[in-house]
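A.B. asks: Dumping the structure here so I can ask a few things about it.
The values are calculated or read from the model by the stated rules, or taken from the named source; none is laboratory data. On a predicted model such as this, the values are computed, not experimentally measured, just so you know. Virtual Cβ from ideal backbone geometry, glycine too; neighbours counted across all protein chains shown. Accessible surface is based on the protein model in full, side chains and every heavy atom, while ligands, DNA and RNA are left aside. Shrake-Rupley method; radii C 1.70, N 1.55, O 1.52, S 1.80 Å.
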Amino acid sequence: MKIDDSMKKEIQEEMETIQAPSSLYTFAKNIKEESVMKVDFVKTKERKRSWRKFQFAVAAVISLSVLTASAFLNPTMAEMVSKIPYVGQVFQKPIQIVITEVLEKEGYNTTGVGMSRWEDMTLFDIQLKGTEEYVNQEEDNVLAILSGVLEKRGYDNYELTISETNEISPVLAEIFNQRAEIGEKLKSELQVAGYTILDVNAYSPIIKVYIPVTDEAKKAEINTVANEFLESNGSLKSVHIITKDVSVEELETKWMPVITSIEEELYLKKEYRVDDIRYTFKPEKVSITIKLNMNTSHTEAKEAVNKIHERITEFLNSEEVKIKTDNQGYELIIQDKNGKDFQF
């Protein structure tokens, strides 16, 4: 059925109000080669899963982002991480890669393994290629397989859901293609003009152009050139120039395999009682703050803190990590749920 221009225009205008994350950029550039959108999402399901360890309802949350937001959710470092010897159970191949490989061996075709946090639990959403009827038929078998995989790693703090791949509509596909094209053209135009451009995200209502901190003095120039280009190409979008510290980004990339290992180990085991993990990257040191879901007076607090401190410091002081991070300095902070530091 042909989509009329009025409907297309209405959807386009609606899309302009959506704040799409920059992590969508890489995916959308390749959308011409993709027939489905691999989104990381969590949604409430009412299907019966009597074998599951955890039963709870999760409000529907749909995020147009691919698996990039943090190292914990990002499989792009999988190959690098899998080559590094691990201490205990850290530095293994990331679990989302393991899930994909196991299901492929069992004959299932996955189109995405979403991972996110909800309150104190890690949520997995496994997207299978196929119809809703097919997914319903295979769901219990897939969940049983993955439950065994996770338990073998000692993980007991998770929830699994299975969903069918969502086809992207022709209208959205065309809109994303248009945005990808304008972003690529703008980046090329600015580079030809002699500016160093790190990235361009054309998927938000305001186009974001990222430049190095060293070029901050040229922000006004770049803004003018970018807006002139958009105007000449009939685009009503405006531009926001953002400076990025390249050295910090390089530091984050260097630490990404380490972060992946820490987050998987701590988030997927109940014994650690971890609520959140935050990082601050600076040339002099990397700060790792682990927040627990209990206060300092809790009877299990001391045991959990000592266990985390011992495990993570042993890991960070290992030769494998020192080599990977060029012996970068670090500080480890463990806090209670109110943000009060534990002493160890």
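A.B. asks: Which residues, taken from segment 331-344, are of a type outside the set (A, V, I, L, M) and touching a Ser or Thr at 6+ places or on another chain (Cβ under 7 Å)?
C.D. replies: Across segment 331-344, the qualifying residues are E331, Q335, D336, K340, F342.
A.B. asks: Filter segment 293-303 for residues that are out of contact with any strand residue (DSSP E or B) (no Cβ under 6 Å at 6 or more places or on another chain), of a type outside the set (D, E, K, R) and under 19 Å from E265 (Cα atoms) and give the result.
C.D. replies: M294, A301, listed by residue number.
A.B. asks: Separate question: Regarding segment 127-143, can at least one residue be identified that is of a type in the set (A, V, I, L, M, F, W, C) and loosely packed, with under 14 Cβ neighbours inside 10 Å?
C.D. replies: no
A.B. asks: Suppose we keep only residues that are open to solvent by less than 70 Å² (accessible area, probe 1.4 Å) and polar (S, T, N, Q) within segment 76-98. Which one would you say is modelled with the lowest pLDDT?
C.D. replies: The residue in question is S82.
Here's the yes/no breakdown for (1) β-branched (V, I, T); (2) assigned to a helix (DSSP H, G or I); (3) surrounded by 17 or more Cβ atoms within 10 Å (Cβ to Cβ):
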residue	(1), (2), (3)
S247	no, yes, no
L251	no, yes, yes
K254	no, yes, no
V258	yes, yes, yes
E265	no, yes, yes
T280	yes, no, no
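A.B. asks: Of these, E119, E101, which one is open to solvent by 60 Å² or more (accessible area, probe 1.4 Å) and at positive phi?
C.D. replies: E119
A.B. asks: Pick from segment 232-254 the residues that are hydroxyl-bearing (S, T, Y) and more than 20 Å from the chain's Cα centre (by Cα): which of them is nearest to D199 (Cα to Cα)?
C.D. replies: The selected residue is T243.
A.B. asks: With the requirement that a residue be of a type in the set (F, W, Y) and more than 16 Å from the chain's Cα centre (by Cα), what does segment 93-152 give you?
C.D. replies: Once the filter is applied, which keeps residues that are of a type in the set (F, W, Y) and more than 16 Å from the chain's Cα centre (by Cα), segment 93-152 yields Y108, Y134.
Here's the yes/no breakdown for (1) more than 30 Å from M294 (Cβ to Cβ); (2) surrounded by fewer than 16 Cβ atoms within 10 Å (Cβ to Cβ); (3) β-branched (V, I, T):
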site	(1), (2), (3)
G107	yes, yes, no
S147	no, no, no
K152	no, yes, no
I162	yes, no, yes
N166	yes, yes, no
I175	yes, no, yes
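A.B. asks: Output the residue which, of all residues in segment 259-280 that are within 18 Å of the chain's Cα centre (by Cα) and of a type in the set (A, V, I, L, M, F, W, C), is nearest to L146 (Cα to Cα).
C.D. replies: Step by step, filter segment 259-280, then rank; the result is L268.
A.B. asks: Restricting to segment 313-344, give me the number of residues that are of a type in the set (V, I, T), open to solvent by less than 30 Å² (accessible area, probe 1.4 Å) and either in contact with a strand residue (DSSP E or B) (Cβ under 6 Å, 6 or more places away or on another chain) or in contact (Cβ under 8 Å) with a residue 60 or more places away in the chain (or both).
C.D. replies: Adding up the residues that qualify gives 3.
A.B. asks: Just checking, how many residues over segment 169-196 are of a type outside the set (F, W, Y), part of a loop (DSSP other than H, G, I, E, B) and either out of contact with any Asp or Glu (no Cβ under 9 Å at 6 or more places or on another chain) or within 15 Å of N227 (Cα to Cα) (or both)?
C.D. replies: Looking only at that region, the number is 3.
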